1. Please give the net charge around Asp397, taking every other residue with its beta carbon less than 11 angstrom from that of Asp397, where Lys and Arg add +1 and Asp and Glu add -1.
2. Would you mind calculating the gained length between Asp116 and Arg90 on full extension (0.36 nm times residue separation, minus the Cα-Cα distance), in nm to one decimal?
3. Starting with the highest mean, order 298-304, 223-229 by the number of other Cβ atoms within 10 Å, averaged over the residues of each peptide.
4. Could you pull out the pairs from Lys110/Lys475; Lys110/Lys471; Lys58/Lys467; Lys366/Lys408; Lys268/Lys459 whose alpha carbons sit more than 29 Å apart here?
5. Once the piece of chain linking Arg281 and Asn427 is laid out straight, how much longer is it, given 0.36 nm per residue of separation minus the C-alpha distance between them?
6. Using Cα-Cα distances under 8 Å and only pairs 6 or more residues apart, what relative contact order does region 359-429 have, in percent?
7. Could you list the residues of region 446-471 with an amide nitrogen less than 16 Å from a label point located 7 Å from the Cα of Val311 in the Cα-to-C-beta direction?
8. So who's got an amide H within less than 5 Å of the one on Ser207, skipping anything under 5 residues away but keeping other chains? H placed 1.01 Å off N, in plane.
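Throughout, read-outs are computed from the coordinates displayed, never taken from laboratory work. These numbers come from a predicted model, not from an experiment. Counting neighbours? That spans all protein chains shown, and the Cβs are built from the backbone with ideal geometry, glycine included.
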Amino acid sequence: IGIGIDLARYPIDSPTSDEYLQMVNRARRSLAETGCASFPGFLTAEATAEAASEAAAKSPSAFVTDSTHNAWQLPDDDPARPPDDVRNVRMRTRVASTAYDELDEGGALKRLYQYDEFVQFVGAVTSQPRLYRLADPLGACSINVFRPGWHHAWHFDESEFTTTLSLQQAERGGEFEFTPPLRRSQAELAEPAVARILNERSPYRVSCVVADAGGDATAPPVTTAPFAPGTLQIFAGRYSLHHVKRVADDATRERLVAVMCFATEPGKVNSAEVQQMFWGREIDRLHVSPMSMRANRLVRSVFLMLLMISVATVVTAEEAAAEPVPEAKSEAAGEAAAAEASPAAEASPEPELPPLDCKTHELLEKVDTWSIDCVAMWLANLGFPELRTAFTGNKMDGVALKSLTMEKLAEDYGVSEEDQRKKIYYNLKDVLRKDNAAGNTNHYSQMFFWLLPLLGIYKYLTLRYEKQIEKAMKKYKKWQDARNPPAPVEIKTFDDGTNEWTRGLNRDVNLGPKKTKAEKDEEKKAKKIKTPKAE
Ligand SMILES: O=C(O)CCC(=O)C(=O)O
Ligand SMILES: [Fe+2]
């Protein structure tokens, strides 16, 4: 079938040809000077008809947006200004939209949008060395439907450039109108110019508290785009004020236009708010229903929590096993003693010695504070329950334990094996060293593992309240911006009438403004330095 582009007229498949370069440079200049580059008949008549009939077929189920917004699509009013100020006036927009995921696979629109050379071409016209299709499953390429009486009020877009393809015109009304770029950044509002346009070309009457710096009384020129079906339009939506005029009430044909979105980074998607506003649902990956997405998130968080809790449990269980509880230990000691004394004593499992009066956590305190029983427990934990009687008999508490030596262990307590003595002695040194550093700190790892479930809960809550958090962050950012507003950018204008923005745009093919002599000299100098001597 082919893509459906009129390649004879727009050779976007041969990006190294002279025709291509000239076409791109004409478009760039037009975009910079007028705010819009138009390509009438970009799609062939057949492909346009195919796309238009697809759009018309899907139009009845398009999601309808009936909302109000200000010209900058800023969410809040400026309370410091009157309600009828151009900054605060809210205008109505009524439009329906068919989402990208509803378009036909292999249909004319998807063929165009998915054609890599097309993305390259839009990138070349908008001077973006790298341009990517928007990864938004709803907004990447959608179809706007304007029914009788509907219109899109004057506004600036959030995205820097907007690419549209006209599919069907209404009999009357529905024209796309735009101004040249009125501003250079989103921080700049250009209120006087916007106010003049609204007062002269909209049903709204607005005031403007901001003084007109230029003082010129004429409104910015407004151009009506040639919008015959099949026309591709690339316009500087962020800088040029634009609108779609009201479609006549008695029109029988809807206005249908495809809106194609691109980004300078891969993987970009619209916010959930934008998706809800224009398509009535939200979805962050292709072919996943919002319901299963939520379920998926829940399962993920629960799994994470379970994992963390189980890790924590295993670790604590291991530690508990390493430190037997007093009863178990005494039992073991009793059994061992009984087994040694006589096999018949097995019948009485009751230990002869009373249980040790020491809680496991007491051993986490400094050695100085250990009671006699705690010292005995420490020994039992090390695997020397049989030493309890001798140590207790010597009233060996924590303070006394500190002066224990290898010799004492051999002579006073009869630990004959050197390995065993070393085990006790080095373990003692070990706890004492920890005491000296930051208390007896061998419970830090335990603390960390207890924090894991909290981390799980934290993760769950952030996922659960993702939107609320995002909103709060946005509010905070706005509050910061309000405290510290970004400075408006001054446009530098040069002697030859060009400005910073348009200067040098097409210089690579000598279509742009002439270089000054100083600049030429500069270039020559640079070349001389770079080029090595021939001889
Ligand atoms: O419908 C059009 O031609 C332009 C739509 C537009 O301005 C927008 O979607 O932001
Ligand atoms: Fe727009």
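1. On the way: positive: Lys395, Lys402; negative: Asp368, Asp373.
Summing Lys/Arg as +1 and Asp/Glu as -1 gives 0.
2. Details: separation 26, 0.36 × 26 = 9.36 nm, distance 3.88 nm.
Residue separation times 0.36 nm, minus the Cα-Cα distance, leaves 5.5 nm.
3. Working: 298-304: 13.7, 223-229: 15.9.
The densest-packed peptide leads the list: 223-229, 298-304.
4. On the way: Lys110/Lys475 37 Å; Lys110/Lys471 33 Å; Lys58/Lys467 31 Å; Lys366/Lys408 22 Å; Lys268/Lys459 23 Å.
Table pairs above 29 Å Cα-Cα are Lys110/Lys475; Lys110/Lys471; Lys58/Lys467.
5. Working: separation 146, 0.36 × 146 = 52.56 nm, distance 6.36 nm.
Working it through step by step, the gained length comes to 46.2 nm.
6. Details: 61 pairs, mean separation 19.8, N = 71.
Relative contact order comes out at 28 percent.
7. 446-460
8. Correct list: Asp85, Val86.
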